[in-house]
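K.L.:
Have a look at this one before I ask anything.
Each value in this text was obtained by applying a stated rule to the coordinates, not by laboratory testing. Every value quoted in this text rests on a predicted model; they were computed, and no experiment measured them. Here the Cβ positions follow ideal geometry from the backbone for every residue, glycine too, while neighbour counts run over all protein chains shown.
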Amino acid sequence: MNTSKKIAAILAVLILVVVGLLTYNILNNASHDGHDMDGDAMTASSSKHQMGSFAEMSEMASMYCTSPTSTDPMCLEYFQSRKDLSPEMKAQEDNIMVGETTKKQSISPTDFLTTWNFNNLPEEERDKLYKETPQPDGTTLREYWITARDEDIEIAPGVSYPAWTYNGQVPAPTIRATEGDTVKIYFTNAGNKAHTIHSHGFHPASMDGSMPGDFVYPGGTFTYEFKAEPFGLHLYHCHASPLKQHIAKGLYGAYIVDPKVDTRPKADKELVMVMNGFDTDGDGENEVYGVNTEAFYYARNPIQVKQGELVRIFLINVLENDPLNSFHLHGNFFDEYRTGTQLEPDNFTDITSFIQGERAILDVRFKFKGMYMFHAHQSEFTEKGWMGMFEVIE
Ligand SMILES: [Cu+2]
């Protein structure tokens, strides 16, 4: 063998060794990543993993691509290409956000789900905003102190929105009474525009909060009083002009009236969900969609429910700028009570759609453990934030 042939042979061996090592390394990393995902998927308790829950699912899919049973060469190629993506690009592909919001609202989206009549506050603080007094006829007088004020809220990590709020939060505090109770709202306008409180339900015209004569100007106050009826799932919102702007800016909340005699199955867990969206650049279209405001919040912080328990969702659509919104649940079906005004469900389905102001009570039990997605069945809304996860545990 002459010298040039010897050099060529050594080079060939070196190249083979390098390629071999690289291949081993890539495959080893791939399966290592996969096992990490698998091992941690059950805990999902650290914020790191809550943030990546949806990304984790696509990582698990990637693991499948590299398993010995996978025969699709494009599958592996796709996985290899993702290895070089930045966290931002990966998040974009997975339709989630990177990072957490830093400007916390007075109530987190997680606490909002199970909060009504300020039941999340310590007694001393709650007393300043809510009071209930039993009446001789067996009903309850429920008094609320609600203030409209302008406040910047963070609707996605790093995305601030100049909202108009009731009590500094979007959606507004949930009001909950039993059929026949008296609801009394002491309203103060600390904002810079005229506002009102217009609630759905029976009430005298003078309590409607919708005509120019009803407007409460900055610095003004008004007391709304009405009986809680009919039972059902309702809402309240500002009705000052221009109406579209006053709703889009964030002045809306849930108003639940429980039936006096309830023959429905007893719920183990109740969740309030208000579907909304935000036009961040004033072009008349929403850039960010969500449920209870923050984009992808429940994808990064899944809602924990127990296998088999009855979960009752109070679902309201207030979305401005789009004529229709919807809710779809994966791997399950729910009983739907439209407007919540009847004690028998009128639908058994896995998808429901609402125009603005429409709402329904959804009763659902999860048969199996695991992660279940819920989202708008308009793909655009899903990709812009309206997507979350239920984590079903034992
Ligand atoms: Cu208003």
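K.L.:
Quick one: which residues, 5+ away or cross-chain, put their amide H under 5 Å from the amide H of His234? H built at 1.01 Å from N.
P.N.:
Placed amide hydrogens put Tyr255, Ile256, Val257 under 5 Å from His234.
K.L.:
Which order do the peptides 118-124, 303-309, 231-237 take when ranked by the mean count of other beta-carbon atoms within 10 Å per residue, highest first? Could you put the intermediate results ahead of the total?
P.N.:
Details: 118-124: 11.9, 303-309: 15.6, 231-237: 24.0.
Output ranking for 118-124, 303-309, 231-237: 231-237, 303-309, 118-124.
K.L.:
Starting with the fewest neighbours, write out Trp386, Trp116, Trp145 ranked by other beta-carbon atoms found within 10 Å of each beta-carbon. Walk me through the numbers on the way to the answer.
P.N.:
Working: Trp386 28, Trp116 20, Trp145 17.
The most exposed by this proxy come first: Trp145, Trp116, Trp386.
K.L.:
Against the globular-protein guess of 2.2 N^0.38 Å, express the Cα radius of gyration of region 243-342 as a ratio, rounded to two decimals. Intermediate values should be presented prior to the final figure.
P.N.:
Numbers: Rg = 15.6 Å, N = 100, 2.2 N^0.38 = 12.7 Å.
That ratio works out to 1.23.
K.L.:
Moving to a separate point now. Relative to a virtual label point 7 Å from the Cα of Leu243 in the Cα→beta-carbon direction, which members of region 185-217 show backbone nitrogen distances below 13 Å?
P.N.:
198-200, 209-212
K.L.:
If you don't mind, there's one more thing I want to ask. Across bins of 5 angstrom width beginning at 0, how are the C-alpha pair distances of region 148-257 distributed, in whole percent?
P.N.:
Per 5 Å bin, starting at zero, the Cα-Cα P(r) for region 148-257 comes out as 2, 13, 22, 25, 19, 11, 6, 2, 0 percent.
K.L.:
Based only on other Cβ atoms within 10 Å, what is the fewest-to-most ordering of Cys65, Cys238? Numbers along the way, then the final one.
P.N.:
Working: Cys65 19, Cys238 29.
Ordered from fewest to most neighbouring Cβ atoms within 10 Å, Cys65, Cys238 come out as Cys65, Cys238.
K.L.:
Order of Thr133, Thr165 from fewest to most other C-beta atoms within 10 Å? Walk me through the intermediate numbers first.
P.N.:
On the way: Thr133 11, Thr165 24.
Lowest count first: Thr133, Thr165.
K.L.:
Using a 10 Å cut-off on Cβ atoms, rank the peptides 355-367, 171-183, 203-215 from the highest mean neighbour count down. Walk me through the numbers before you get to the answer.
P.N.:
Numbers: 355-367: 18.9, 171-183: 22.0, 203-215: 14.5.
Packing proxy ranking, top to bottom: 171-183, 355-367, 203-215.
K.L.:
Moving to a separate point now. Among the lysines, which fall within straight-line cross-link reach of Lys131, defined as a Cα-Cα distance under 18 Å, with same-chain neighbours fewer than 8 residues apart omitted?
P.N.:
Partners found: Lys184, Lys227.
K.L.:
What base-10 log of the normalised intensity I(q)/I(0) is obtained for region 197-289 from the Debye formula, alpha carbons as equal point scatterers, at q = 0.18, 0.20, 0.23, 0.24 Å⁻¹?
P.N.:
Those come out to -0.96, -1.07, -1.21, -1.26, one per q.
K.L.:
Given +1 on the Cβ of Lys and Arg, -1 on the Cβ of Asp and Glu, and no further charges, what dipole in debye does region 182-341 carry about its Cα centre, rounded to the nearest 20? Could you put the intermediate results ahead of the total?
P.N.:
Values: 13 positive and 19 negative charges, 108 e Å.
The calculated dipole for region 182-341 is roughly 520 debye.
K.L.:
What number comes out for the charge environment of Val288, summing +1 per Lys or Arg and -1 per Asp or Glu over other residues with Cβ under 10 Å away?
P.N.:
Details: positive: Lys384; negative: Asp279, Glu287, Glu294.
Result for the neighbourhood of Val288: -2.
K.L.:
Could the peptides 341-348, 105-112 be put in order, highest first, of the mean number of other beta-carbon atoms found within 10 Å of their residues?
P.N.:
Details: 341-348: 12.8, 105-112: 18.8.
Highest-to-lowest ranking by the protection proxy: 105-112, 341-348.
K.L.:
Can you tell me what the convex hull of the Cα atoms of region 269-394 projects to on average, as an area in nm²?
P.N.:
Values: hull surface 28.8 nm².
Averaging across all directions leaves 7.2 nm² for the Cα convex hull.
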